[in-house]
Structures are given as structure tokens and as C-alpha cells.
1. Grab the strands (runs of 3 or more DSSP E) fully contained in segment 172-244, keeping just those with 1 or more residues being in contact (Cβ under 8 Å) with a residue 24 or more places away in the chain, among the β-branched types (V, I, T) and out of contact with any strand residue (DSSP E or B) (no Cβ under 6 Å at 6 or more places or on another chain).
2. Quick test for you: out of A153, A158, A164, pick the one residue that is closer than 22 Å to A8 by Cα, part of a loop (DSSP other than H, G, I, E, B) and either of a type in the set (S, T, N, Q) or within 13 Å of the chain's Cα centre (by Cα) (or both).
3. From the list M79, M71, exactly one residue is farther than 20 Å from K163 by Cβ, of a type in the set (A, V, I, L, M, F, W, C), touching a Phe, Trp or Tyr at 6+ places or on another chain (Cβ under 9 Å) and surrounded by 14 or more Cβ atoms within 10 Å (Cβ to Cβ). Which is it?
4. Provide a single number: the residues in segment 130-154 that are more than 12 Å from D201 (Cβ to Cβ) and in contact with a Lys or Arg (Cβ under 8 Å, 6 or more places away or on another chain).
5. Across segment 110-142, which residue is surrounded by the fewest Cβ atoms within 10 Å (Cβ to Cβ) among those that are farther than 25 Å from L34 by Cα and hydrophobic (A, V, I, L, M, F, W, C)?
6. So which of G232, G169, G224, G198 is on the phi > 0 side of the Ramachandran plot and buried (at least 20 other Cβ atoms within 10 Å of the Cβ)?
7. Out of the residues in segment 21-36 that are in contact with a helix residue (DSSP H, G or I) (Cβ under 7 Å, 6 or more places away or on another chain) and within 17 Å of V85 (Cα to Cα), which is surrounded by the most Cβ atoms within 10 Å (Cβ to Cβ)?
8. Which residue is farthest from A83 (Cα to Cα), if the candidates are limited to segment 118-127 and must be touching a residue at least 12 places away in the same chain (Cβ under 8 Å) and either out of contact with any helix residue (DSSP H, G or I) (no Cβ under 6 Å at 6 or more places or on another chain) or of a type in the set (D, E) (or both)?
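Laboratory data are not the source of any read-out in this text; all were calculated from the coordinates shown. Everything numeric in this text was worked out from a predicted model, so none of it was measured. Please note: Cβ atoms are built from the backbone with ideal geometry, for glycine as well, and neighbour counts cover all protein chains shown.
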Amino acid sequence: MNQEGQPAYRRILLKLSGEAFMGAQEYGVDPAVLDQVAQEVAELSTLGVEVGIVIGGGNIFRGAGLAKGGMDRVTGDHMGMLATVINALALQDAIERTGRFCRVMSAIRINQVCEDYIRRRAVRHLEKGRIVVFAAGTGNPFFTTDSAAALRAIEINAELMIKATKVDGVYDADPMQRSDARRFERLTFDEALERRLGVMDTTALVMCRDNQLPLRVMNMFAKGDLQRLVMGEPVGTLVEGAIQ
């Protein structure tokens, strides 16, 4: 239980989809969305929360989609990794314009534009109050950025992983298509896996479950909800090892 006025979590990992950065556009990055995300993250950092971020690249390239069009899957996934670097650099710029320090660390070597991912260095950045954006997924093809987020969260000993989406939690059906869709307050990882609720991919969920890393699914675009969540309020859907 957190003390009055103090964050409930010392260190978190925030997973952002690349598609979220598009806003109302068909592709690319919407500057207004970027600035909103950067401001929300900067506010957490100001509160003393250590923030790591993993971003997808679906607003630019998606390796699996390219593969369906006939491209070699490994080549497509490498292009997708580079897309996440573009998004990470854009977010770094937006965060630094808020006055906070930010580092981009890539799982593939692009030394002229960002740092290599080294776990100990990443943790040191966090300890110094810098926001760290992890780019290029795991650095390997066939792994999603959901899996990369789970991996990085475990490696940096995050107390919570937050998956920021366009809806306010996990539902038993698509709330955009079904008005009677029911939102879950809490789930176990096994329930999410058995019911195939699409919370994250199977690899990511299993990694979180096996390493006892709780997950919150929330709407990134509900202003103030991210801060409320980190302060300990029950925002979105909690997915954890077992319901007590």
C-alpha cells in the first residue's frame, strides 16, 4: 500500500503500440498524440517514478504483414524493428521538450542515433531519473514487441507492466463492435490465456506469469489515467498470477 500522495510503484514498463501514434492519420506519427504521450510520461518521471517504454512500429511497418505479402519474414521483421527505432527517436524528442532526460536503447546496433541495449546501463539510466525507451524489440525476428516489453520489464525488475491501448481494459468481446461487451476488473494470466482474450501474445503472457510480473491494461488517451494508475488507483484491467 502506498503512502498518501506517493506513487504506488517505483519502476514501471509502459508498452505503447505504434498504431496509437497515428492518431487520426492513416500512417506515421501524429505530433499531437506524441506530445500528449510525452507529457503523461514526463509527469510520472517528475513524481519520481522510473519509467521504461517499449514501442511498436505498426504505424510504419509490421513484419508479419509484409511477410503475408510475400516478403521474407526475417527481412520484414528487421524492417519492423527499424520502424520502432523511428518511433522511439520521435518520442525521445517529445519527452526532452518537456524538460525530462530520455535515452533510446536499441536491441540492434545503430550507434550513430542511439545507444546499444545493455541491461546494467539501462538500469543505471533509470536510477538517475532518465526515461528509457527500448527500441528494436528483442533484436530477433519472430518476436513481437509485446514479448519485448515483457522481457525488458523482467530484466529491469519493473514492478508493473502497463499496456496502453485505445480501450479502457480487457473485454470479453470487442467493445468497438459489441455494445454488450463486458470489461474485466481483474484476470489471472491463465484465464487470459485459456479464453484467448487478446491481452498480449501468448509468449508475453507466459513470461509475465512465470516471473510474477503484474500487468495493467488501460486507455492511454484517457487524460490523467496513467498517473492515477501509478498512484495506486484501480484503472483498467489488472492481470496477475492469481486472484486472491
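1. On the way: elements: 186-188, 215-219, 237-240.
Ranges flagged: 186-188.
2. Details: A153 fails: part of a loop (DSSP other than H, G, I, E, B); A164 fails: part of a loop (DSSP other than H, G, I, E, B).
Within the list A153, A158, A164, the selection yields A158.
3. Values: M71 fails: touching a Phe, Trp or Tyr at 6+ places or on another chain (Cβ under 9 Å).
Residue meeting the stated conditions: M79.
4. Residues meeting the conditions: 6.
5. Step one: of segment 110-142, the residues farther than 25 Å from L34 by Cα are 118-121, 124, 140-142.
Still in the list and also hydrophobic (A, V, I, L, M, F, W, C): 118, 142.
Values: I118: 11, F142: 14.
Filtering first and then ranking leaves I118.
6. Details: G232 fails: buried (at least 20 other Cβ atoms within 10 Å of the Cβ); G224 fails: buried (at least 20 other Cβ atoms within 10 Å of the Cβ); G198 fails: buried (at least 20 other Cβ atoms within 10 Å of the Cβ).
The match here is G169.
7. First, the residues of segment 21-36 that are in contact with a helix residue (DSSP H, G or I) (Cβ under 7 Å, 6 or more places away or on another chain): 21, 23, 28-30, 33-35.
Those still in the list that are within 17 Å of V85 (Cα to Cα) too: 21, 28-30, 34.
On the way: F21: 26, G28: 15, V29: 19, D30: 15, L34: 20.
Once the filter is applied, the top-ranked residue is F21.
8. In the first step, residues of segment 118-127 are kept if they are touching a residue at least 12 places away in the same chain (Cβ under 8 Å); the result is 118-119, 121-123, 125-127.
Still in the running and either out of contact with any helix residue (DSSP H, G or I) (no Cβ under 6 Å at 6 or more places or on another chain) or of a type in the set (D, E) (or both): 118, 121-123, 125-127.
On the way: I118: 20, R121: 23, A122: 21, V123: 24, H125: 23, L126: 24, E127: 28 Å.
Going through the qualifying residues, I end up with E127.
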